[in-house]
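A short reminder: the numbers here are calculations on the coordinates, not readings from a lab. Worth saying up front: this structure is predicted, and the values here are computed from it rather than measured. Glycine gets a Cβ as well: all are built from the backbone with ideal geometry, and neighbour counts include every protein chain shown.
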Amino acid sequence: MRALLKIESRRLSLSVLIALVLTSITLLADVEISPIVPYIVLGFLLSSVFPAGLSYGLELILSKPLKRIELFAGFLLSHLLLALIVALPALVKPTAFLYAIFALPFLPLDYLTGLLLKNPRKTFLVGTLVFLILTFLPTGYVDMKVQNDAQKALGIETLADYEAKKAEYSSLVYTLERKYGNYAFFSPGVQLELFARDLDVGDKEDALLRAGIALGFTVILLALSIIPFLRFEPGEFIRPSIPALYLRPLPWWIRKEIAGLWASRAFFVFLIVLLLPVDRITKAFFALFLLPLLVIEVLSENPILILSKPVRRAYLIRRFLVVLGLFALFTPVLGFSLAVVSFTATVIFLTGLFSRKLALALLPFFALIISPALQEGSQLVALLFMTLTLPFIALAYLRAIRMELGRWGG
């Protein structure tokens, strides 16, 4: 971790120095907006500057015999220590220091951005955009929603109505702001605005709740960012994957598909969807798009690699069936909807054997057309779609053994 701190300190020394000077000047000057400056400065650093060079640092460090979880902890502690240095002048005004805490969620959020984009310039731009959106956009929307709902509830249509019900209006607005603020847990800007108002009115209980929401969201994002970090390799995700390495008794072609799934961004998104607190139908709806994307990736392998292997053309169908079989493990989550998802993936796979571009273009329309079948959720519907899937697999097999690999990229 000491080596990580040295590397990150040298890489970020200029940015930290500029931010430190800017924070010090604005706090020492008696400016009305000064308490919010540490949040703005620190949020920009954490969301855009700190994680932008994450992949460059990893290229130097991953060659060392260090565990990945130790590397993640090293990056996190290094960045938090540098952030603390920037926020130290805010101790002159305790309120400004408390405001700066609300910038913490942007660090793990941009870890996710950096690990998925794997491009420092794109990470910087996207991180800046995310920081601005989550700081200002939900805040404006919540304010608009609260005022509109309060006016409707109290029947305020004119200025005279407002003057007559001013006290009730202010009380209702404050109540609605706290209610909608809980819904906007993902926005540090909303939580910061409510926290500032709580300090003004002396509502310590709600102020602690706002700080707790921001810190809790930070912990959730950290847990999510660890997943791609454990799979990260300079330039691309790990191949072969960690699960495939521990499943040696399985045939190599099954382990290959497990590695492919582990390295797939579509599958990573699917795992996140499974963790969301939504119903089974919603998860199946996402799978209706994500599983076909995965089977299209099966067709993305260079045909020269396939022809060089001691396998027949039916190897493509075998790979496709392995992917379907692995997704069958999620039957407890998707239920009977898995049959509809598998049918959609089979049709898209057959289309992809003729043209991958056509399959990608057809996917959103076909998935939306067939999505009402997810609502049925009965054994009869599941059996019907399973039966329909078989002839399409047979057609895919006939196409695979006769297709011209020289025109593969169509």
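I'd like the Karplus ³J(HN,Hα) series for the range 123-137: coefficients 6.51, -1.76, 1.60, θ = phi - 60°, whole numbers in Hz, and an x wherever there's a Gly or Pro.
4, 4, 5, 5, x, 4, 4, 4, 4, 5, 5, 6, 7, 10, 5
Report, in whole Å, the centroid distance computed from the Cα atoms of the range 329-395 and the range 117-180.
41 Å
Of Lys256/Lys357; Lys93/Lys118; Lys145/Lys283; Lys122/Lys145, which sit over 26 Å apart, Cα to Cα?
Lys93/Lys118; Lys145/Lys283; Lys122/Lys145
Could you give the size of the charge dipole of the range 118-236 about its Cα centre, using +1 on the Cβ of each K and R and -1 on the Cβ of each D and E, expressed in debye and rounded to the nearest 20?
It works out to roughly 520 debye.
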